[in-house]
Amino acid sequence: MKEILERINQQFNCIGHEFQPENLSWVQVDKKQLVPLLSYLKHTEKFTHFVLLTAVDWIENNEFQLNYLLTNHTLHQDIAIRVMISRDEAEMETAHHLWQQIATYQREIYEMYGIDFPSSPRVHESFLLEGWDGIPPMRREFDTKKYSEETFFPRPRPEGKDPQTHMKQKLYPNEE
Amino acid sequence: MKNKLFNITPDRSKYPTIGKDGKPEIDLSSGKFVKIWQGPNHPGVTGNMSLELTLSGDEIVDAKTHVGYLHRGFEKLFERRKYIQCFPTSVRMCVPESDSNEYCLAVGTEKLAGIEVPDRAQWLRMLTLEMSRLQMLLRIVPGQGGTMGLGIGVQWGMYLRDLILDRFEELTGGRIYHMYILPGGVRGGLPDGFEARLEENLKDIEKFVHRIDNVLYQNAVFRKRAMGVGYLDPSWIDEYGVVGSNARAAGFKRDVRKDNPYLFYNQLNWEVPVKTESDIYTRARIRWYDLQVTIDLIRQILAKIPKTGDVRAKTPNVMHWKIPAGQTYVKSESSRGEFGFFMVSDGTDKPRRINLRGPSYTHAVSLLERMLINANISDVGALMVSLQTCPPEIER
């Protein structure tokens, strides 16, 4: 796997790469390099199985992190590609032409994070949140508690033990 | 027959013309088509999802999967909870097979925190994962017949599944949601006499294995309706990220327990069942083999499980446990295939991001939408169950 990482580093100017135990490697590239790298991994290095696409919101850095995870079933190795994109220009090139299932992931990420994937099929169709018109709910600034307090009928807290206090008393009674 | 998705040859003279994009030109006002919704409340749909089907006669010409009826925002809620508080939520991400959720979450936390798990705890984890697979297979194996009106196997399977849930109740206190696997190990050892009672259950299930073969797999109606129907082309396996029994029925020998052995699976002996026909019958048949393999694995685990030793490593105070910053992906083989958690920690006591990768995400959305085209309306339920779709893991 180290040879593959070296080849990727030479061809795609990786911003960083690391190897974790249990056959998982991480590579970070610039957003313009992503689709060529995915294509290279699929066709040349035989990472033919696309596992998942997911996003992480780093609001303090004003960035989104996109993660593309692939598997090579001959070598039994996984590789995760990390791409950082600005929250101000939340847009990424689509990769659905490489694996058709990516269109579904991109549709969900557009809905949950507001990251657009122009020309991805049905990307602007609602997926899980039909009729949602607020800010994308997986963004860090979306406050679930505030939303539920404003949206739903206020209810008194049911009588009972506060879970956090109860656990502390039961498990760690002597700790501060 | 094998190279066709469905074993019907429709009369295309009355059907829509195919446009330049390769898709049929559907005009609902022409009277040649009808649009119906199968689900979300429908006996032919697996759980809380629905299918928007456009029919021409009884043949499907367009299909869309609709999910969102069960969305509970778990992944968002994780960001507000401490790691230990995520466990009761995580088990509900895939309801019928909850142990894979807690296993992946626990291992992800341990990897990020650098915690070593005692050997005995790892064997106990394997035991619960295999018991969980067994109870899931006892639902899905006869459930395939249930979609075609063969209900007797379902009654047998649910009874036997209840016996395994009894053992889970004895071991963990819970029948469906166990929260038995926690960071550092498991909550406790086996109760006295547990192995003997589980062995009794396994003997009962073995009888079922042979009965269900006669009732379901040798049944003329089932064979007629399942053989050659719902063909999954092997070239679609990677294109759509197909895993588990669906891939193994198409000739792909893929099993995370063999490919990337975790726990002590490399100390057990078994063969991964593989077939190549790739139709509804074969996918159902693969699960019947899986059932036998799982019974065998549970016996091997019971024979090798250490009787003494720690069941849980010492962890910091879970209420103030700050997990070092890092990212990881943990995968396991569920009864449906590769099941994984992508986890990101930012160094605080709450996860930055936890994302579930469930097999149904692709099986029930992009793949199912493709496979339903040209299917007969009466085969939709059987096709969905044969792909073993589980909507809760799509809507985390």
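The values are calculated or read from the model by the stated rules, or taken from the named source; none is laboratory data. Keep in mind it's a predicted model, so treat the numbers as computed, not measured. Every residue, glycine as well, gets a Cβ built from its backbone with ideal geometry; the counts of neighbours run over all protein chains shown.
Just so you know, in segment B:293-314 the residues that are of a type outside the set (D, E) and without any contact (Cβ under 8 Å) to a residue 60 or more places away in the chain include one that is nearest to the other protein chains (Cβ to nearest Cβ), and it is B:V293. When the residues of segment A:16-68 are filtered to those that are within 11 Å of another protein chain (Cβ to nearest Cβ) and β-branched (V, I, T), which remaining residue is surrounded by the fewest Cβ atoms within 10 Å (Cβ to Cβ)? If we take residues in segment A:16-68 being within 11 Å of another protein chain (Cβ to nearest Cβ) and β-branched (V, I, T), then A:I59 is surrounded by the fewest Cβ atoms within 10 Å (Cβ to Cβ).
Candidates B:M148, B:M93: the one that is under 30 Å from B:V34 (Cα atoms) and either aliphatic (A, V, I, L, M) or in a loop (DSSP other than H, G, I, E, B) (or both) is B:M148. So is B:V293 of a type in the set (V, I, T), surrounded by fewer than 24 Cβ atoms within 10 Å (Cβ to Cβ) and part of a helix (DSSP H, G or I) or not? Yes, satisfied.
If the condition is being small (G, A, S) and surrounded by 15 or more Cβ atoms within 10 Å (Cβ to Cβ), then segment B:308-338 contributes B:G326, B:S332, B:S334, B:S335, B:G337. Within the set B:N317, B:N355, the sole residue that is outside any loop (DSSP other than H, G, I, E, B), within 12 Å of chain A (Cβ to nearest Cβ) and either among the hydrophobic types (A, V, I, L, M, F, W, C) or more than 23 Å from B:Q135 (Cα to Cα) (or both) turns out to be B:N355.
Within segment B:47-86, no residue satisfies the criterion of being within 13 Å of chain A (Cβ to nearest Cβ), modelled with pLDDT under 85 and more than 24 Å from the chain's Cα centre (by Cα).
Can you go through A:R82, A:R107, A:R122, A:R139 and tell me which one is in a helix (DSSP H, G or I) and touching a residue at least 12 places away in the same chain (Cβ under 8 Å)?
Exactly one of A:R82, A:R107, A:R122, A:R139 is in a helix (DSSP H, G or I) and touching a residue at least 12 places away in the same chain (Cβ under 8 Å), namely A:R107.
Listed by first and then second residue, the pairs linking a residue in segment B:255-283 that is within 14 Å of chain A (Cβ to nearest Cβ) to a residue that is surrounded by fewer than 19 Cβ atoms within 10 Å (Cβ to Cβ) and modelled with pLDDT under 90, with Cβ atoms under 7 Å apart and 6 or more places separating them unless they lie on different chains, are B:N260/A:E22; B:N260/A:N23.
Look at (1) in contact with a Ser or Thr (Cβ under 8 Å, 6 or more places away or on another chain); (2) within 13 Å of chain B (Cβ to nearest Cβ) and you find that A:S119 fails only one, number (2). Only a single criterion out of (1) surrounded by 21 or more Cβ atoms within 10 Å (Cβ to Cβ); (2) not in a loop (DSSP other than H, G, I, E, B) is not satisfied by B:T389, namely (2).
Can you spot a residue in segment A:136-154 that is over 17 Å from the mean Cα position of the chain (by Cα), away from chain B (no Cβ under 12 Å) and among the polar types (S, T, N, Q)? Within segment A:136-154 (the criterion being over 17 Å from the mean Cα position of the chain (by Cα), away from chain B (no Cβ under 12 Å) and among the polar types (S, T, N, Q)), the answer is yes, since at least one residue qualifies.
Using the structure shown, decide if B:T328 is among the polar types (S, T, N, Q), facing chain A (nearest Cβ under 10 Å) and under 23 Å from B:R133 (Cβ atoms). Taking the combined requirement at face value, the residue does not satisfy it.
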